[in-house]
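A.B. asks: Next up is a structure, given as structure tokens.
The values are calculated or read from the model by the stated rules, or taken from the named source; none is laboratory data. For clarity, every value in this text was computed on a predicted model and none was experimentally measured. In this analysis, Cβ positions are derived from the backbone assuming ideal geometry, glycine residues included, and neighbour counts consider all displayed protein chains.
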Amino acid sequence: MMHSIIFAGFGGQGVMLMGQVLAQAGMSENKYVTWFPSYGPEMRGGTANCTVVVSEEPVASPVVEMPTEVVAMNIPSLLKFEPKVQKNGCLFINISVVDRKPQRSDIRVYEIPANDIAERIGNLKVANMVMLGSFVQVTKCVSIDSLIEAMKYKLSARSSEIIDLNTKAIFEGAKHVGG
């Protein structure tokens, strides 16, 4: 199965890291992956998104017009990418920030209070890992174990406290959607 995902939000929400961690997890499972970043006019505070493809088969292009899944960390991302989700695809919304409902009824919607969960476990900066844990628990595009190992790899220069907090965030996100 091929998953073509757009992670989108404001700069500083960790959107690029979400994509990098997922791509790394896919590579560790010997899957074919691409990661393609896109930045708005500003690095912090501007819009940012990245496209990740995780597949059992070779990937022809990193460019995705109609993703199977979208993760919207803010309202502008919801407005821009909801119309592009494939029919029967998945839309993950950070309802801690997004205060509106999606317009479509032909997709599956997962409302994740990522910021609220991150604050509860001790640091708002791990909201991205909360969302990523929820995403992987639902889609099963990689295993949670591979995701955690990939996060540790990407954050290896950081303290063990940061890695432990991000690990907890992934588990809490997975738990929120039934993991």
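A.B. asks: Mind listing just one residue for me: the one in the range 21-52 that is among the aliphatic types (A, V, I, L, M) and at pLDDT 95 or above and, of those, farthest from Ser77 (Cα to Cα)? Show your work before the answer.
C.D. replies: Kept after step one, since they are among the aliphatic types (A, V, I, L, M), are these residues of the range 21-52: 21-23, 25, 27, 33, 43, 48, 52.
Okay, now just the ones that are also at pLDDT 95 or above, so 21-23, 25, 27, 33, 52.
Working: Val21: 20, Leu22: 19, Ala23: 21, Ala25: 24, Met27: 27, Val33: 23, Val52: 16 Å.
Once the filter is applied, the top-ranked residue is Met27.
A.B. asks: Tell me which strands (runs of 3 or more DSSP E) are completely within the range 4-79 and hold 3 or more residues being surrounded by fewer than 24 Cβ atoms within 10 Å (Cβ to Cβ), of a type in the set (Ser, Thr, Tyr) and without any contact (Cβ under 8 Å) to a residue 40 or more places away in the chain, or say none if there are none.
C.D. replies: The qualifying strands (runs of 3 or more DSSP E) are 32-39.
A.B. asks: Scanning the range 94-106 for residues that are part of a loop (DSSP other than H, G, I, E, B) and touching a residue at least 24 places away in the same chain (Cβ under 8 Å), which turns out surrounded by the fewest Cβ atoms within 10 Å (Cβ to Cβ)?
C.D. replies: Taking the range 94-106 as the starting set, the residues that turn out to be part of a loop (DSSP other than H, G, I, E, B) are 95-106.
Applying the additional criterion that residues be touching a residue at least 24 places away in the same chain (Cβ under 8 Å) yields 96-100, 102.
Details: Ser96: 20, Val97: 20, Val98: 20, Asp99: 7, Arg100: 10, Pro102: 18.
For the range 94-106, the residue satisfying everything is Asp99.
A.B. asks: Then there is this: Tell me yes or no: at least one residue of the range 131-143 is over 13 Å from the mean Cα position of the chain (by Cα) and aromatic (Phe, Trp, Tyr). Lay out the reasoning, then the answer.
C.D. replies: Step one: list which residues in the range 131-143 are over 13 Å from the mean Cα position of the chain (by Cα), which gives 143.
Applying the additional criterion that residues be aromatic (Phe, Trp, Tyr) yields none.
Taking every residue of the range 131-143 in turn, none turns out to be over 13 Å from the mean Cα position of the chain (by Cα) and aromatic (Phe, Trp, Tyr).
A.B. asks: Which of the residues that make up the range 108-165 are touching a residue at least 60 places away in the same chain (Cβ under 8 Å), surrounded by 24 or more Cβ atoms within 10 Å (Cβ to Cβ) and among the small types (Gly, Ala, Ser)?
C.D. replies: Ala127, the sole residue that qualifies.
A.B. asks: Name, by its number, the condition in (1) modelled with pLDDT of 95 or more; (2) over 27 Å from Asp116 (Cα atoms); (3) in contact with an Asp or Glu (Cβ under 8 Å, 6 or more places away or on another chain) that does not hold for Met1.
C.D. replies: Going through the list (1) modelled with pLDDT of 95 or more; (2) over 27 Å from Asp116 (Cα atoms); (3) in contact with an Asp or Glu (Cβ under 8 Å, 6 or more places away or on another chain), Met1 breaks only (1).
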